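Computed from the coordinates by the stated procedures, all read-outs in this text should not be read as laboratory data. Fair warning: this is a prediction, and the values are worked out from it, not measured in the lab. Positions of Cβ are backbone-derived with ideal geometry, glycine not excepted, and every protein chain shown enters the neighbour counts.
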Amino acid sequence: MKPHLVKIKSLKLITHDVLLVLTDKPVKFSYVPGQAVEISINKPGWQTDRRSFYFISIPETTDLEFCIKTYPEHNGVTNELLKLHVGDELIVYEEFGEISYRGEGLFIAEGVGIAPFLSIFRNLNSRHLIGNNQLIFINKTKADIILETELTNILDGNYTNILSEEQTAAYAHGPITEHILKHFLNGKQKYVYVSGSAKMIAAVEKILTALHISKDFIVKETAEERKPVVYSNYQQFYSIIPMFNSKSYDQH
Ligand SMILES: Cc1cc2nc3c(=O)[nH]c(=O)nc-3n(C[C@H](O)[C@H](O)[C@H](O)COP(=O)(O)OP(=O)(O)OC[C@H]3O[C@@H](n4cnc5c(N)ncnc54)[C@H](O)[C@@H]3O)c2cc1C
């Protein structure tokens, strides 16, 4: 599939470091809730710097939406995104990824790892199929929780926040433990969807193994699936998006 140029329709910080980015959607562009895509910025010097992000939108809408944690200290793509405005352009490549909805289960997300689950939940909700799906959402502090109101509305009582670095009366505190997972799994073999840092995923998998949850029921992005499709060289890249030659470079 060819890379596409998309225009930013809105861009706003929804926490101290997470950007919500809405763009238009290319014609005939399709993806499955839970998938990711590589994105670069259509500005001189940035077109070939591709980074992966999950769609949080659903395929039926006319927009693409992403929530993107920004790292100003990296001086990379996410820092550059902070400088963009409505009307600026991004380049989106081919969708990829293995996270998809297999059936009811327990979703465990850490921080911006909620992104693929947002698309899945929005999709299920639009079809009135949210059922008994449950979410455990782990964040450092309350201020880090992304789109809490929307998640509460979609999941109703089946949504639990855990804060690892803040103690409040309203939220559970601490790391995710065998005790917590036992409580949520309730002795049943359910799908367990895990998204977050490699460290968190490894810790959860260790507990799930101890609880005899089969690997076939664990849905996550594996190392292989994280590998992006890389265009072999610059020349191929620019021949795929010929409009760059005239547009981006003529402008500056
Ligand atoms: C499949 C997949 C889906 C993803 N989906 C999402 C998503 O939906 N939302 C989201 O927010 N993230 C997501 N990510 C993570 C996201 O891709 C990265 O956070 C993003 O690539 C960071 O890009 P960056 O250019 O800002 O920084 P980086 O690419 O991390 O760093 C740029 C440069 O900064 C330097 N650097 C690295 N670490 C440091 C440091 N600690 N201090 C100083 N300099 C440093 C290095 O030289 C590096 O080359 C996803 C990742 C994958 C693999």
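Note: relative contact order over the chain, using C-alpha pairs below 8 Å and six or more positions apart, is 19 percent. Basic side chains Lys and Arg get +1 at the Cβ, acidic Asp and Glu get -1 at the Cβ, and with that the dipole of region 105-221 about its Cα centre reaches some 340 debye. About its Cα centre, the chain has a charge dipole of approximately 260 debye under the convention of +1 per Lys or Arg Cβ and -1 per Asp or Glu Cβ, with nothing else charged. Comparing Ala203, Thr168, Asn153 along the charge dipole axis of region 105-221, the residue lying farthest to the positive side is Ala203, per the Cβ-charge model. Determine the sum of side-chain charges near Ile39: Lys and Arg each +1, Asp and Glu each -1, restricted to other residues whose C-beta is under 9 angstrom from that of Ile39. The answer is +1.
Summarised as an ellipsoid, region 105-221 has semi-axes of 20, 18, 13 Å, derived from the eigenvalues of the Cα gyration tensor scaled by 5 and square-rooted, with the largest first. Note on Lys182/Ala202: beta-carbon distance plugged into 1/(1 + (r/R0)^6) with R0 of 25 Å gives a FRET efficiency of 0.85. Straight Cα distances below 17 angstrom link Lys9 to the lysines Lys25, Lys43, Lys83, with same-chain residues fewer than 8 positions distant left out. If we count every other residue with Cβ under 13 angstrom of Ile154's Cβ, Lys/Arg +1 and Asp/Glu -1, where does the sum land? Its environment carries a net charge of -1. Here is the list for region 122-176: trypsin sites (Lys or Arg not before Pro) lying in DSSP coil, each with at most 10 other C-beta atoms within 10 angstrom of its C-beta, are Arg127.
Per residue, the average separation of C-alpha pairs within less than 8 Å and at least 6 apart gives region 105-221 a relative contact order of 29 percent.
For the residue pairs Lys140/Lys188; Lys12/Lys142; Lys188/Lys220, alpha carbon separations beyond 27 Å are given by Lys140/Lys188. Bridge orientation summary for the chain: considering DSSP beta bridges with both residues in this region, about 55 percent are antiparallel. Which residue, chosen from Pro44, Gly87, Cys67, occupies the Cα position most advanced towards the positive end of the dipole of region 31-109, where the dipole is computed from +1 (Lys, Arg) and -1 (Asp, Glu) charges on Cβ about the Cα centre? Positive-end residue among those listed: Pro44.
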